[in-house]
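A quick write-up on the structure given underneath.
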């Protein structure tokens, strides 16, 4: 074999290797794009699930808030009613004591 034919053979091998490398690079690029698209799709699904869970959480929190506010309002009303009862009871007892004291003073004057 002559030097020229060896050089031509090496050029052909280099060209084949270059073509194979370019083909493998294209395949790798295509697979990479597929993976990126798959990851984008998974990320979108995760985002939607997260938003759904967040909305559920907000709804639950709003329900609990409303329930607590209602419960607090009931307790406040009960406390107000008891305060009125206690005030009335104290006023009645005070009036009784005042009348008893007045009676004793009147009895002592006699």
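Here are the numbers for this structure:
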| item | result |
| --- | --- |
| For the chain, calculated [θ]222 nm from helices alone, where every DSSP H run of n ≥ 4 adds -39500 (n - 2.57) | -37500 deg cm²/dmol |
| For the chain, Kirkwood radius (reciprocal of mean inverse C-alpha pair distance, Å) | 24.0 Å |
| Inter-label distance for residue 102 and residue 23, nm, one decimal - labels placed 7 Å from Cα along Cα-to-Cβ | 11.8 nm |
| Region 1-54 shape via C-alpha gyration tensor axes, a/c threshold 1.5 | prolate |
| C-alpha long axis of helix 3-109 to longest principal axis of the chain, angle in ° | 0 degrees |
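Throughout, read-outs are computed from the coordinates displayed, never taken from laboratory work. All figures in this text were calculated on a predicted structure; none of them were measured in a lab. Don't worry about glycine lacking a Cβ; one is built from the backbone with ideal geometry, like all the others, and counts go over all protein chains shown.
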